[in-house]
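Before any comments, here is the structure.
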Amino acid sequence: MGTSSADQRKIVTGDNGYVLEDVPHLSDYIPDLPTYPNPLQDNHSYSAVKQYFVNEDDTVAQQIIVHKNSPGGTHFRRVGPRQKVYFESDEVHASIVTCGGLCPGINTVIREIVCGLYYMYGVNKVLGIEGGYRGFYSRNTIPLTPKVVNDIHKRGGTILGTSRGGHETSKIVDSIQDRGITQVYIIGGDGAQKGASVIFEEIKRRGLKVAVAGIPKTIDNDIPVIDKSFGFDTGVEEAQRAIDAAHVEAESFENGVGVVKLMGRYSGFIAMYATLASRDVDCCLIPESPFYLEGPGGLFEFMEKRLKENGHMVIVIAEGAGQELLSESMHTMNQQDASGNKLLQDVGLWISQKIKDHFNKRKKVLNLKYIDPTYMIRAIPSIASDNVNCTLLAQSAIHGAMAGYTGFTVGPVNGKHAYIPFYRVTERQNKVVITDRMWARLLSSTNQPSFLNPKDIIEAKKEEQPKTQLLDGDSVSDEPTSKENGK
Ligand SMILES: Nc1ncnc2c1ncn2[C@@H]1O[C@H](COP(=O)(O)OP(=O)(O)O)[C@@H](O)[C@H]1O
Ligand SMILES: O=P(O)(O)OC[C@H]1O[C@](O)(COP(=O)(O)O)[C@@H](O)[C@@H]1O
Ligand SMILES: [Mg+2]
């Protein structure tokens with residue numbers, strides 16, 4: 001096995017093309033750290049479990065579809081408790097912060113970090129940071145105990161509050177240092193993971209014994225490498241209620257059209273999965289798949305055909321879809337939120353008006369109902385399966401931090417949880433790949449136009465994006481493409 005530390009990445013290579021993209025460890029930059037036996041070995045719930053401690057060499061393969069002569073490929077370190085820990089229980093002063101937009105299940109993750117630290121590792125100093133990153137330097141903190149968090153998983157939102165913007169690295173790390181915090185748990189999306197990475201770098205530069213762990217939260221599912229985020233299934237489930245309502249309204253009126261706008265700033269996963277789950281959707285529009293309204297192969301032509309055949313139809317549109325059409329017609333400026341995310345025009349209102357105008361001009365009856373459940377799908381408590389996801393993530397993050405790992409995001413990779421270095425989850429956004437099988441499944445389920453001409457398809461294939469990873473059994477590769485590698 002060889003190791004390479006080019007640009008600080010910990011890459012371990014083995015036989016037959018095996019590669020481990022390892023995560024940093026406190027001992028990488030602090031010499032002679034003492035270790036302690038893991039207190040879990042005396043814990044009645046765990047000591048009976050055969051092979052409870054994870055073998056140090058266990059790793060999780062990023063690619064599970066392999067061929068006879070495939071090389072070993074990229075792997076990540078498997079999560080779980082280690083025999084040795086790098087913190088004594090009373091040395092741990094943990095902090096938890098929640099950043100960015102809401103997502104069902106955040107409170108469950110908070111609860112499980114607090115309870116996991118208390119019950120598994122005997123840690124009783126856990127601090128909640130209020131209001132996102134800026135809370136480190138501008139807000140009060142909340143001491144968190146199992147009693148305080150006991151019922152919070154039944155509530156939507158985050159008991160700590162959240163925010164966008166406000167990431168001032170040195171002020172945050174000063175606060176971590178001043179308060180004597182030794183473990184930082186950051187629950188947040190792609191933006192928050194970038195912030196976590198910068199915090200980790202500054203902590204390392206200052207040589208502090210502070211573990212930084214990221215727990216990915218993204219209702220849009222735009223974080224790469226991981227199978228999917230907690231809360232995503234809850235969001236898709238809740239979206240069914242809006243689609244059902246749109247369908248009932250549409251089929252009850254002559255030429256009824258239900259338009260449902262769902263979240264998805266840059267990635268259309270919620271719209272795609274809500275559509276595939278529902279079977280009542282006639283057309284799904286996402287940011288990754290450009291569409292057009294007029295002319296042969298356009299949306300209006302398809303609508304006229306579908307309404308003639310069925311008398312009603314449902315359109316699901318992701319909020320980031322068709323933004324190029326909107327800015328053409330509205331001459332909008334590029335506005336951003338406090339975190340630098342693009343502020344979008346309401347594509348649902350826009351498309352509803354365009355559809356109405358089109359049918360009005362042709363003097364055709366149209367009954368259009370526009371439903372915007374945007375915040376309803378993310379402001380609710382998580383469903384049972386997501387609660388289990390949250391527990392696994394929280395406990396895995398704790399085991400990693402206690403074992404001295406740092407600068408990592410935890411997440412499921414092909415169903416097995418792994419510690420993933422920050423750079424792998426921040427270097428790009430996860431998007432629906434429209435030349436992949438999952439989008440083809442959607443097109444064949446709705447029978448909508450692809451809005452692509454043969455030339456576009458050749459171009460899209462040439463772009464060689466990584467495959468859609470979410471729940472797609474056929475997904476083959478999430479490796480950076482040759483383009484991303486700059487080759
Ligand atoms: N490139 C970045 N570097 C440092 N901090 C960032 C970066 N991008 C976003 N952040 C911070 O992360 C937090 C959450 O980001 P945001 O994009 O709002 O939500 P999310 O984490 O859900 O994607 C914000 O406080 C923001 O300032
Ligand atoms: O209005 P807000 O709070 O900025 O949130 C809206 C946005 O949050 C999202 O859910 C994603 O936000 P995150 O990146 O924070 O997860 C988008 O789909 C949506 O545009
Ligand atoms: Mg984001």
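For the range 174-211, give me each residue that is assigned to a strand (DSSP E or B) and of a type in the set (Ser, Thr, Tyr).
TYR185
Can you tell me how many residues in the range 36-49 are surrounded by 15 or more Cβ atoms within 10 Å (Cβ to Cβ) and in contact with a helix residue (DSSP H, G or I) (Cβ under 7 Å, 6 or more places away or on another chain)? Explain how you work it out, then say what you get.
Quick first cut of the range 36-49, residues surrounded by 15 or more Cβ atoms within 10 Å (Cβ to Cβ) only: 38-40, 43, 46.
Okay, now just the ones that are also in contact with a helix residue (DSSP H, G or I) (Cβ under 7 Å, 6 or more places away or on another chain), so 39-40, 43, 46.
The total comes to 4.
For the range 101-113, name all the residues that are surrounded by 24 or more Cβ atoms within 10 Å (Cβ to Cβ) and within 15 Å of ligand 1 (Cβ to nearest atom).
CYS103, PRO104, GLY105, ILE106, VAL109
Take the residues in the range 50-60 that are free of Cβ contacts under 8 Å to residues at least 24 places away in the same chain and either in contact with a helix residue (DSSP H, G or I) (Cβ under 7 Å, 6 or more places away or on another chain) or among the charged types (D, E, K, R) (or both), then tell me which one is farthest from GLY72 (Cα to Cα).
LYS50
Tell me, please, whether a residue that is open to solvent by less than 90 Å² (accessible area, probe 1.4 Å) and within 16 Å of ligand 3 (Cβ to nearest atom) can be found in the range 343-350. Talk me through it step by step, then tell me what you get.
First, the residues of the range 343-350 that are open to solvent by less than 90 Å² (accessible area, probe 1.4 Å): 343-348, 350.
Of the ones still in play, those that are also within 16 Å of ligand 3 (Cβ to nearest atom) are 343-344.
The answer is yes; a qualifying residue exists.
Would you check if GLY161 is modelled with pLDDT of 95 or more, out of contact with any strand residue (DSSP E or B) (no Cβ under 9 Å at 6 or more places or on another chain), outside any helix (DSSP H, G or I) and away from ligand 3 (no atom under 16 Å from the Cβ)?
no
Please tell me if GLY161 is open to solvent by 10 Å² or more (accessible area, probe 1.4 Å), farther than 30 Å from GLU427 by Cβ, within 16 Å of ligand 2 (Cβ to nearest atom) and of a type in the set (Gly, Ala, Ser).
Judged against the criteria, GLY161 is not a match.
I'm trying to understand the selection: among the residues of the range 430-445, which are in a loop (DSSP other than H, G, I, E, B) and either modelled with pLDDT of 95 or more or open to solvent by less than 40 Å² (accessible area, probe 1.4 Å) (or both)? Write out each step before concluding.
So in the range 430-445, the residues in a loop (DSSP other than H, G, I, E, B) come out as 430-436.
Hits for the range 430-445 are ASN430, LYS431, VAL432, VAL433, ILE434, ASP436.
Can you name the condition, by its number, that GLY116 falls short on among (1) away from ligand 1 (no atom under 16 Å from the Cβ); (2) of a type outside the set (A, V, I, L, M, F, W, C); (3) farther than 27 Å from ASP58 by Cβ?
Just one mismatch for GLY116, condition (3).
In this structure, does THR169 turn out to be open to solvent by 10 Å² or more (accessible area, probe 1.4 Å), within 12 Å of ligand 2 (Cβ to nearest atom) and at pLDDT 95 or above?
no
Mind checking which helices (runs of 4 or more DSSP H) fall wholly inside the range 212-326 and carry at least 3 residues that are within 16 Å of ligand 2 (Cβ to nearest atom) and open to solvent by 10 Å² or more (accessible area, probe 1.4 Å)?
232-252
Table: residues versus (1) farther than 30 Å from TYR118 by Cβ; (2) surrounded by 11 or more Cβ atoms within 10 Å (Cβ to Cβ).
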{"site": "VAL12", "(1), (2)": "yes, yes"}
{"site": "ASP15", "(1), (2)": "yes, no"}
{"site": "ASP22", "(1), (2)": "no, yes"}
{"site": "PRO34", "(1), (2)": "no, no"}
{"site": "GLN51", "(1), (2)": "no, no"}
{"site": "GLN62", "(1), (2)": "yes, yes"}
{"site": "ILE65", "(1), (2)": "yes, yes"}
{"site": "VAL79", "(1), (2)": "no, yes"}
{"site": "ARG82", "(1), (2)": "no, yes"}
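If you scan the range 188-211, which residues turn out to be open to solvent by less than 20 Å² (accessible area, probe 1.4 Å), of a type in the set (Gly, Ala, Ser) and more than 10 Å from ligand 2 (Cβ to nearest atom)?
Result: GLY195, ALA196, ALA211.
Note down all Cβ pairs under 9 Å where the first residue falls in the range 174-200 and is in the same structural domain as GLY131 (by TED's automatic domain parsing) and in contact (Cβ under 8 Å) with a residue 12 or more places away in the chain, the second is assigned to a strand (DSSP E or B) and near ligand 1 (Cβ under 8 Å from one of its atoms), and they're at least six residues apart or on different chains.
ILE187/LYS217; GLY188/LYS217; GLY189/LYS217; ALA192/LYS217; GLY195/GLY188; ALA196/GLY188
Collect the residues in the range 133-158 that are part of a helix (DSSP H, G or I), touching a residue at least 60 places away in the same chain (Cβ under 8 Å) and surrounded by fewer than 16 Cβ atoms within 10 Å (Cβ to Cβ), keeping them in residue-number order.
Within the range 133-158, just LYS154 meets the criteria.
Scan the range 120-132 and tell me whether some residue there is within 12 Å of ligand 1 (Cβ to nearest atom), surrounded by fewer than 21 Cβ atoms within 10 Å (Cβ to Cβ) and in contact (Cβ under 8 Å) with a residue 60 or more places away in the chain. Before the answer, list the steps.
We begin by selecting, within the range 120-132, every residue within 12 Å of ligand 1 (Cβ to nearest atom); these are 129, 131-132.
If we keep only those that are surrounded by fewer than 21 Cβ atoms within 10 Å (Cβ to Cβ) as well, we get 131.
Then drop every residue that is not in contact (Cβ under 8 Å) with a residue 60 or more places away in the chain, which leaves none.
For the range 120-132, residues within 12 Å of ligand 1 (Cβ to nearest atom), surrounded by fewer than 21 Cβ atoms within 10 Å (Cβ to Cβ) and in contact (Cβ under 8 Å) with a residue 60 or more places away in the chain: absent.
Which one is farthest from ligand 3 (Cβ to nearest atom), of the residues in the range 176-187 that are out of contact with any Leu (no Cβ under 9 Å at 6 or more places or on another chain) and open to solvent by 10 Å² or more (accessible area, probe 1.4 Å)?
Out of the qualifying residues, it is GLY180.
Please determine whether any residue of the range 234-241 is within 16 Å of ligand 3 (Cβ to nearest atom) and touching an Asp or Glu at 6+ places or on another chain (Cβ under 7 Å).
No: zero hits.
The values are calculated or read from the model by the stated rules, or taken from the named source; none is laboratory data. Owing to the predicted nature of the structure, the values given are computational and were not obtained by experimental measurement. Here Cβ is always computed from backbone atoms with ideal geometry, including for glycine, and neighbour counts include all displayed protein chains. SASA here: full protein model, heavy atoms, side chains in, ligands and nucleic acids out. Shrake-Rupley method; radii C 1.70, N 1.55, O 1.52, S 1.80 Å.
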